[in-house]
Structure formats: C-alpha cells, structure tokens
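*Asks:* Following this message is one structure expressed as structure tokens.
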Amino acid sequence: MEISENLIARLQSADSVVFFTGAGISAESGIPTFRGKDGIWNKLKPEELANFNAFMRNPEMVWEWYKYRRGIVHQSKPNDGHIAIARFEEIIKKVSVVTQNIDNLHRRAGSRNIYELHGNIERNYCIKCRTFYNDDLDIKDKVPRCVCGGLIRPDVVWFGEYLPEDQYSGAERVSSACDIFFVVGTTGIVFPAASLIYSAKRAGAYIVEVNVEETEVSSVAGESYFGEAGKILPAIFNKISEKKGT
Ligand code: BJW
Ligand code: ZN
C-alpha cells in the first residue's frame, strides 16, 4: 500500500486529526452498509423504515428490523480499521471520531473522543415520557413499552429528525479546528452530517478519503485511497508510527 509522502509529512506535524466515518468502516466487521452493492437498502426502502411516521404506522416492522440489526451488532467485533483509528491516539495529540454509525464499534475499539451523529443502537427511549432504556431492555415483546404505557423506540436519528445538538455542535467544533480530516467509508450524501466535510475544508483542513470506490467526496479530497478501510488505515498508521519512532 503506497502512502503519499505528502500525507506522511502532514501527519507528522498534525496536532489535531478527525476521522469522519460511515457504514463502510464497519463492513469488514460483518455489518451491512446501507447503499451500494451489498447495501441493505437495495432490498428495503429507507423511507419505510428509517422515519418516525413509518414507526407510528408499523412499530412492529420497524422493531423487527432493529432487533435483527442489534443481533448482528452484538455478534460483531471492531476490525483493523476501528483499531487503527483508536491507535492514532498514541501518536497524534488530539484525535476525534465523528461517526454516523450507531454500532458502538469505535468505543469498543478504544477511541475516546467520539461524536455519534445518528445515535446508538444500544439505547432506546419512550416517545411519551422520554425515559431511557439501555441495551438490557427486554425486547421479547414485539414492540417494547415503557412503564408509562408509551412506545419505546431505538435512540437513532431517522430522516426528518434533528441530530443530537451536543454531538453535532461538538463535531462541528473539532471538524473546523483540525489539520487533517479523514472521510472513511461513507457515501457522504446524508446531511447535515456530510456538511462537516465541507466545514472542515473551508476551515483549512486537508481532506483524505478512504473508500472502496469513488464518491461525492472524492472531488473535494486532497487525496483518496481506494480500498478497504481495514487495510488502508493500518497501513497509514504503521507508516507514520515508524517515522515518529525514528
Ligand atoms: C467501504 C467499505 C470498506 C464499503 N472500506 N469503504 C431531500 C429529500 C428528503 C430529505 C432530504 C433531502 N435533502 C436533504 C434531506 C435531509 C435528509 C438527507 O440528508 N437526505 C438525503 C439522503 C437526500 N437528512 C435528514 O433527514 C437528517 N435530518 C435533518 O436534516 O434534520 C433537519 C430537519 C428536521 C425536520 C424536518 C426536516 C429537516 C437526518 C438524517 C438521518 C440519517 N439516518 C440514517 C439511519 C440511522 C439509524 C439507523 O442506522 O438505522 O443514518 S440513514 C443512513 O445513512 C444512516 C447512515 O448513518 C447514513 C449515512 O450512510 P453512510 O454511512 O454513508 O453509508 P452508505 O451505505 O451510504 O455508504 C457506505 C460507504 O462505504 C460506500 O461509499 C461504500 O463504497 C463504502 N464502503 N465497504 C471502505 N470495507
Ligand atoms: Zn414512558
């Protein structure tokens, strides 16, 4: 894997690096992506599942989809891509992860500064009284209910919903103050998350894309690495840690 001298030099002098991640980073952990060749939305329509009206119309169907995905997430483990990102903390002063994923794999890999833009599949809450229920929620029922009688939903962000304010503003802050902004495994078409790429660029960050194929992001990236994140990120990490060690 050829890593450019330009990127190595930039990483050597960088104080702050952000990894902006999407479903592609977890693909090698066995979690399907949404779009693209093996995307789950080739079979299921997002508008039927990932929005509040769909949930109110058919909570049983939406819960079935999330229970299925919880099962996959619980069986999965962080891969070499997640682990390389966590290890960057050993050599760069400030590393932040801004993720669109809800699978908790960055935390399980050991990353410490994580902004979760689209929620977390391990949390749930009652739509009536907003009581939170963690992963120990008993989901034997087809549709879990709160003690108050209200419907419980997964704490994820569906289309038409606002992103969690604290997570988004934190992500904006680190994105606009970093030296290098990696965009890993995302199509970059879902907003406002994707706008962070452009905020980072406007603020002067160097954009580096890692993806198996060209995306909307490729045209704004300083450089793109096409291949699996689980191979490319460790290759970049190894190269820079060798240099820092010498
Ligand atoms: C690899 C790899 C490997 C594979 N290595 N790479 C027009 C119409 C309707 C709505 C809108 C519109 N224009 C804008 C909107 C708003 C909408 C939006 O952006 N829509 C666009 C799709 C058009 N956004 C919203 O609604 C957001 N909220 C909002 O705007 O609030 C304001 C508002 C409030 C009230 C009224 C109106 C507005 C909310 C967006 C929420 C997104 N939620 C989801 C579901 C989360 C829960 C769950 O998981 O169930 O988030 S959708 C889904 O997409 C999920 C993801 O986080 C997100 C992004 O997907 P991602 O990560 O990019 O995955 P993929 O599958 O697309 O890409 C994978 C990539 O990996 C590919 O590029 C592969 O090549 C690559 N890859 N293997 C490296 N091994
Ligand atoms: Zn309740």
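*Asks:* Can you say whether SER199 is within 30 Å of VAL17 (Cα to Cα), in contact with a helix residue (DSSP H, G or I) (Cβ under 7 Å, 6 or more places away or on another chain) and outside the structural domain of ARG70 (by TED's automatic domain parsing), as far as the supplied structure shows?
*Replies:* yes
To keep it simple, each residue is scored yes or no on (1) touching a residue at least 40 places away in the same chain (Cβ under 8 Å); (2) buried (at least 20 other Cβ atoms within 10 Å of the Cβ); (3) not hydroxyl-bearing (Ser, Thr, Tyr).
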| position | (1), (2), (3) |
| --- | --- |
| PRO192 | no, no, yes |
| LEU196 | yes, yes, yes |
| SER199 | no, no, no |
| ALA205 | yes, yes, yes |
| GLU209 | no, yes, yes |
| GLU214 | no, no, yes |
| SER218 | no, no, no |
| GLU223 | yes, no, yes |
| ILE232 | yes, yes, yes |
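*Asks:* Can you pull out the residues in the stretch 25-55 that are in contact with a Ser or Thr (Cβ under 6 Å, 6 or more places away or on another chain) and either buried (at least 21 other Cβ atoms within 10 Å of the Cβ) or within 29 Å of SER199 (Cα to Cα) (or both)?
*Replies:* Listed by number, the residues that qualify are ALA27, SER29, ILE31, ARG35, GLY39.
*Asks:* Kindly establish whether VAL147 is touching a residue at least 12 places away in the same chain (Cβ under 8 Å), within 16 Å of ligand 2 (Cβ to nearest atom) and in a loop (DSSP other than H, G, I, E, B).
*Replies:* So VAL147 fits the description; yes.
*Asks:* What number goes with the only condition from (1) loosely packed, with under 15 Cβ neighbours inside 10 Å; (2) in a helix (DSSP H, G or I); (3) under 20 Å from the mean Cα position of the chain (by Cα) that GLN12 does not pass?
*Replies:* So the condition that GLN12 fails would be (3).
*Asks:* Can you tell which of VAL190, VAL183 is in the same structural domain as ASP103 (by TED's automatic domain parsing), part of a strand (DSSP E or B) and either away from ligand 2 (no atom under 16 Å from the Cβ) or in contact with a Ser or Thr (Cβ under 6 Å, 6 or more places away or on another chain) (or both)? Write out each step before concluding.
*Replies:* On the way: VAL190 fails: part of a strand (DSSP E or B).
Of the residues listed, the single one that is in the same structural domain as ASP103 (by TED's automatic domain parsing), part of a strand (DSSP E or B) and either away from ligand 2 (no atom under 16 Å from the Cβ) or in contact with a Ser or Thr (Cβ under 6 Å, 6 or more places away or on another chain) (or both) is VAL183.
*Asks:* Checking CYS126 against (1) near ligand 1 (Cβ under 8 Å from one of its atoms); (2) more than 28 Å from GLU172 (Cα to Cα); (3) modelled with pLDDT of 95 or more, which single condition isn't satisfied?
*Replies:* Here CYS126 clears every test but (1).
The values are calculated or read from the model by the stated rules, or taken from the named source; none is laboratory data. All figures in this text were calculated on a predicted structure; none of them were measured in a lab. Cβ atoms come from the backbone with ideal geometry, glycine included; neighbour counts cover every protein chain shown.
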